[in-house]
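**Q** One structure is given below, represented as structure tokens, and several questions about it will come after.
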Amino acid sequence: AAMYAAASPSPPRRDFISVTLSPEGTVGAVGYNNSKAWRRRSCWRKWKQLSRLQRSIILFLFAFLTVCGVISYTSVGEPWKGWTSKSLDEHRTVSDTRGLKLANPAVLPAPQKADANIGEYPELSPQKKPKLPHVRRNPSNLQIKPPWRDARLQTQLDVSKIAEEPVQADKEEKTEKSVISWRGAVIEPDQSTEPPSIKVKESEKTSSVDRESQKEPVPINERQVAVIEAFRHAWKGYKDFAWGHDELKPLSKSYSEWFGLGLTLIDALDTMWILGLKEEFEEARKWVANNLVFDKNVDVNLFESTIRILGGLLSTYHLSGDSLFLEKAKDIGSRLMPAFKTPSKIPYSDVNIGRGTAHPPRWTSDSTVAEVTSIQLEFRELSRLTGDEKYQKAVDEVMKHVHTLPGKNDGLVPMFINTNSGQFTHLGVYTLGARADSYYEYLLKQWIQGGKTENELLEDYMRAIEGVKKHLLQRSQPKKLTFVGELAHGHFSAKMDHLVCFLPGTLALGAHNGLSADHMKLAEALIETCYQMYAQVETGLSPEIVHFNLHAQKGHKDVEIKPADRHNLLRPETVESLFYMYRFTGDKKYQDWGWEILQNFNKYTRVPTGGYTSINNVQNPSNPEPRDKMESFFLGETLKYMFLLFSDDIDLINLDKYVFNTEAHPLPIW
Ligand code: DMJ
């Protein structure tokens, strides 16, 4: 500072040092150099005045401190260097190697900035990852090996011997790992993987099955055998009466067509893989190879065909490593793209996959919010696998648009969005049920899929859950069950769709990934409610919609059912959430509840000649009024989640490696 001051035209007052610059530009040091020389001389004089003993002590201390310094540098310096370069790498991969420009810029905060934003979400308290109660085998890679097994042999198993004892060492290893806190979220470093380059490496695309093949098969238990038996029974009906068609009509021993694309068969492919049904899988594969043709003049619903067909093909490709499924996925994926050609880029609901044209439903130019925001996992994965960014770009654009759109109520979204204006319509109605449900699910799941780097998704998710707490949560009477109602123009309705029962599972998944412990508490309360939606009903099966009693009335249960709502479509949401709850808590009551539900499906919906059917009346055990339809999600989701719920093998679709799409098709976490 003194030098700059001396160089200025009118130097300020200088009290101690005078410096001038010589014409050659060298420092003509008057006071400064003289005083330095003077200090050097006076130090030397003082050193000389010391006794020999004093000098030896000082030299010894100096040598000792030098040695200590060198030792501590080698032990502390290396990890520090590693940590620093890791965080630099993280920054680099986020901004450079993505390959595709993300709509939501991916920002993985560097560890040293961990606390920077704490306070913005005070409700997010760091939570330790729950300890896993199950036996864990060698760390596995991405895929599972086909567990081909003969289910008949498994009935002889001694179920009591099946993995129950917790593995302490492994638990400790888990909790010891350091965490990165971001806005209060605790994120395991090994989960916070770098975002993928847009095209997955060739080796990753094909070899995941081989990498798993070292694993020894885990024996299955009696309940899983019962699921396999149920699946085989359902499959028999489909095979005998509906082979290659969309849905089985088990009573009339025929089929119904929706898109004419073998919907049940495709939805069930990865379930067969997971259940180890080799013969059935091979037969279905042959049908896909020889008969599945997308070049058809047919209108399909973008959302339904994405989650069931594209999702089913992608997950089967990942589990089996068979490129046939990837080729088919690419084919259907590209045929769905015309849906995004709208003035607002919010996709139309329907696409003609043969003609390449798309349109909204006949009566409106609106699309459903859940539909346009629940196709992202699948299209993003398709981009990753093909290296073609157009799929991800299209769906990311939708999320980016919805992120900034006005009309939300504390993060809760309306149910419709206009494809011309891009604005929400029918404002003022908020639900976690039909038409909005999977918007919330996919916020969290995209965040997980992308390696927990896309902050806007997490922000929208956290805000929405706060919105749920603020506007939609109530307690019923007499059991004080916590439920999620609806809000219509400021009026609360105690109505809850069975569809909402995806929420406990999603909340638990968020908590497992480091979000607030409150979310887990809410998940526990809500799954109890979802179970009661079955347990309080005469058949032990939930209706499509329930109304909760807000006031205690003699002789009334918590759950009331309106005549128009008492059907059951074999839906998966409660079983899905039971699966997550069991995985994350190890509490066997969740398995027991699922077991009750399976038995009631068998009692009231099983058709003796093959297949299961939706029913019209869950309140009439003597005549539940079969509807004569087996939805594809019964095989795609309900039975798959049942099988996983009864499993103690956390590597059977490891939730730190896979994220399920909304149709229960597991896709890899990048
Ligand atoms: C499935 O197609 C999906 O789970 C979707 O998200 C909601 N509806 C059905 C199952 O109930």
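The values are calculated or read from the model by the stated rules, or taken from the named source; none is laboratory data. As the structure is a prediction and not an experimental result, all values here were calculated from the model. Counting neighbours? That spans all protein chains shown, and the Cβs are built from the backbone with ideal geometry, glycine included. Quick note on the areas: whole protein, heavy atoms, side chains included, nothing else; ligands and nucleic acids left out. Shrake-Rupley method; radii C 1.70, N 1.55, O 1.52, S 1.80 Å.
**Q** Determine if region 426-442 includes at least one residue that is open to solvent by 10 Å² or more (accessible area, probe 1.4 Å) and of a type in the set (Phe, Trp, Tyr).
**A** There is at least one residue in region 426-442 that is open to solvent by 10 Å² or more (accessible area, probe 1.4 Å) and of a type in the set (Phe, Trp, Tyr).
**Q** Within region 540-583, track down each residue that is within 23 Å of Gln477 (Cβ to Cβ), within 15 Å of the ligand (Cβ to nearest atom), open to solvent by 10 Å² or more (accessible area, probe 1.4 Å) and not in a strand (DSSP E or B).
**A** Once the filter is applied, which keeps residues that are within 23 Å of Gln477 (Cβ to Cβ), within 15 Å of the ligand (Cβ to nearest atom), open to solvent by 10 Å² or more (accessible area, probe 1.4 Å) and not in a strand (DSSP E or B), region 540-583 yields Glu544, Asp565.
**Q** Take the residues in region 514-539 that are open to solvent by less than 10 Å² (accessible area, probe 1.4 Å) and in contact with a Lys or Arg (Cβ under 8 Å, 6 or more places away or on another chain); name whichever of them is farthest from Val618 (Cα to Cα).
**A** The residue in question is Gly514.
**Q** Still on this model: Please specify each residue of region 601-636 satisfying the condition of being open to solvent by 10 Å² or more (accessible area, probe 1.4 Å) and within 14 Å of the ligand (Cβ to nearest atom).
**A** Listed by number, the residues that qualify are Lys629, Glu631, Phe633.
**Q** Okay, moving on. Mind checking which residues of region 451-492 are basic (Lys, Arg) and not in a strand (DSSP E or B)?
**A** Going through region 451-492, the residues basic (Lys, Arg) turn out to be 452, 463, 469-470, 475, 479-480.
Those that are basic (Lys, Arg) and not in a strand (DSSP E or B): Lys452, Arg463, Lys469, Lys470, Lys479, Lys480.
**Q** Please name all residue pairs, on different chains or six or more residues apart, with Cβ atoms under 6 Å, provided the first residue is in region 644-670 and is closer than 19 Å to Arg384 by Cα and the second residue is aromatic (Phe, Trp, Tyr) and within 16 Å of the ligand (Cβ to nearest atom).
**A** Pro666/Phe660
**Q** If you check Pro608 against the conditions, is it free of Cβ contacts under 8 Å to residues at least 40 places away in the same chain and out of contact with any strand residue (DSSP E or B) (no Cβ under 9 Å at 6 or more places or on another chain)?
**A** On the way: free of Cβ contacts under 8 Å to residues at least 40 places away in the same chain: yes; out of contact with any strand residue (DSSP E or B) (no Cβ under 9 Å at 6 or more places or on another chain): yes.
When the stated conditions are applied, Pro608 passes them.
**Q** Shifting gears a bit: Name the residues in region 469-508 that are buried (at least 23 other Cβ atoms within 10 Å of the Cβ) and free of Cβ contacts under 8 Å to residues at least 60 places away in the same chain, would you?
**A** Of everything in region 469-508, those that are buried (at least 23 other Cβ atoms within 10 Å of the Cβ) and free of Cβ contacts under 8 Å to residues at least 60 places away in the same chain turn out to be Val484, Leu507.
**Q** Sticking with this one: Give the residue that is farthest from the ligand (Cβ to nearest atom), with candidates limited to residues of region 637-658 that are in a loop (DSSP other than H, G, I, E, B) and of a type outside the set (D, E, K, R). Talk me through it step by step, then tell me what you get.
**A** Going residue by residue through region 637-658, those that are in a loop (DSSP other than H, G, I, E, B) are 646-657.
Pick out the ones that are also of a type outside the set (D, E, K, R) and you get 646-647, 650, 652-655.
Working: Phe646: 20, Ser647: 20, Ile650: 23, Leu652: 20, Ile653: 16, Asn654: 21, Leu655: 17 Å.
Only one residue fits best here, namely Ile650.
**Q** For region 256-266, check the following and say yes or no: at least one residue is crowded, with 19+ Cβ neighbours inside 10 Å, under 28 Å from Ile346 (Cα atoms) and among the aromatic types (Phe, Trp, Tyr).
**A** no
**Q** Sticking with this one: Does region 622-635 hold any residues that are outside any strand (DSSP E or B), touching a residue at least 40 places away in the same chain (Cβ under 8 Å) and over 20 Å from Ile545 (Cβ atoms), and which are they?
**A** Residues of region 622-635 outside any strand (DSSP E or B): 622-625, 627-629, 631-635.
Then keep just the ones that are touching a residue at least 40 places away in the same chain (Cβ under 8 Å); that gives 624, 627-629, 631-635.
Within region 622-635, Asp628, Ser632, Leu635 qualify.
**Q** Being open to solvent by 30 Å² or more (accessible area, probe 1.4 Å) and of a type in the set (D, E, K, R) is the requirement here; does Glu596 meet it? Give the derivation first.
**A** On the way: open to solvent by 30 Å² or more (accessible area, probe 1.4 Å): yes; of a type in the set (D, E, K, R): yes.
The answer is yes for Glu596.
**Q** Which of the residues belonging to region 410-442 are touching a residue at least 40 places away in the same chain (Cβ under 8 Å) and among the aliphatic types (A, V, I, L, M)?
**A** Correct list: Leu412, Val413, Met415, Ile417, Val429, Leu432, Ala434, Ala436.
**Q** Related question: Could you grab the pairs with beta carbons closer than 9 Å, sequence gap of 6+ or different chains, first residue in region 285-302 and free of Cβ contacts under 8 Å to residues at least 12 places away in the same chain and at negative phi, second one of a type in the set (A, V, I, L, M, F, W, C) and open to solvent by less than 30 Å² (accessible area, probe 1.4 Å)?
**A** Note: pairs meeting the criteria are Val293/Leu261.
**Q** Considering region 424-450 alone, what residues qualify as being within 16 Å of the ligand (Cβ to nearest atom) and either in a strand (DSSP E or B) or among the β-branched types (Val, Ile, Thr) (or both)?
**A** Selection gives Thr431 alone.
**Q** Same structure, new question: Identify, please: which residue in region 304-331 is of a type in the set (A, V, I, L, M) and buried (at least 24 other Cβ atoms within 10 Å of the Cβ) and is, among those, nearest to the ligand (Cβ to nearest atom)? Spell out how you get there, then give the answer.
**A** Within region 304-331, the subset of a type in the set (A, V, I, L, M) is 307, 309-310, 313-314, 319, 324, 326, 329.
So of that shortlist, the ones also buried (at least 24 other Cβ atoms within 10 Å of the Cβ) come out as 307, 309-310, 313-314, 319, 329.
Values: Ile307: 6, Ile309: 12, Leu310: 13, Leu313: 16, Leu314: 16, Leu319: 19, Ala329: 18 Å.
By that ranking, first place goes to Ile307.
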